[in-house]
Amino acid sequence: QVQLVESGGGLVQPGGSLRLSCAASGSIFSRYTMAWYRQGPEKWRELVAHITIAGNTNYADSVKGRFTISRDNANNTVYLQMNSLKPEDTAVYYCNTKPVIVARWGQGTQVTVSS
């Protein structure tokens with residue numbers, strides 16, 4: 001069964017940084033584009049960034065220039081480096097494939113940006 005396990009969230013002040021990690025089962029990681037999604041308070045889940053198997057990346061306009069997605073194919077892990085965080089980045093962050101293949105999402109990791 002495919003599992004997605006996110007970690008690395010926390011409370012950070014505006015302007016701060018966090019690095020999120022997502023460990024994914026090998027059965028999907030090596031075959032799919034991986035992505036980070038987020039769901040803020042009373043908001044729909046949205047795509048934040050994705051990275052292809054070859055390492056090509058794409059970002060939502062709201063995070064472009066501040067966030068960096070990367071992947072470690074040897075360890076089945078995808079990362080999201082988040083810099084210059086803003087209060088509007090507050091959300092639960094999830095990883096999954098793009099398009100979404102894994103029906104059972106992980107528990108996510110909470111990111112709270114507040115002074």
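The values are calculated or read from the model by the stated rules, or taken from the named source; none is laboratory data. All of these numbers come straight from a predicted model, not from anything done at the bench. Every residue, glycine among them, receives a Cβ derived from its backbone with ideal geometry; neighbour counts consider all protein chains shown. Just so you know, the surface numbers come from the protein's heavy atoms only, side chains and all, with ligands and any DNA or RNA stripped out. Shrake-Rupley method; radii C 1.70, N 1.55, O 1.52, S 1.80 Å.
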task = Could you list the residues of region 1-45 with an amide nitrogen less than 12 Å from a label point located 7 Å from the Cα of Ser62 in the Cα-to-C-beta direction?
result = 37-45
task = Would you work out what percent of the accessible area of region 34-81, with all protein chains in place, is carbon or sulfur (probe 1.4 Å)?
result = 47
task = Please give the contour-minus-distance gain from Ser25 to Val2: 0.36 nm per residue of separation, less the Cα-Cα distance, rounded to one decimal in nm.
result = 7.7 nm
key: Net length gained if the chain between Ser114 and Ser84 were fully extended (0.36 nm per residue, minus Cα distance)   = 9.6 nm
query = Of Ala91, Ala60, Gly9, whose Cα points farthest to the positive end of the dipole of region 1-113 (charges on the beta-carbon: +1 Lys, Arg; -1 Asp, Glu; origin at the Cα centre)?
reply = Ala60
key: Sparse-neighbour loop sites [GluC sites (Glu not before Pro); region 1-50; at most 15 other C-beta within 10 Å; DSSP]   = Glu42
ask   = Which loop trypsin sites (Lys or Arg not before Pro) in region 7-95, with loop taken from DSSP, have no more than 12 other Cβ atoms within 10 angstrom of their Cβ?
value = Arg31, Lys43, Lys64
ask   = Alpha carbon centre of region 1-34 versus region 69-85: separation in Å?
value = 7
ask   = Tell me, what is the per residue accessible area of the chain in Å², probe radius 1.4 Å?
value = 53
The chain, dipole about Cα centre (Lys/Arg Cβ +1, Asp/Glu Cβ -1), debye to the nearest 20 = 160
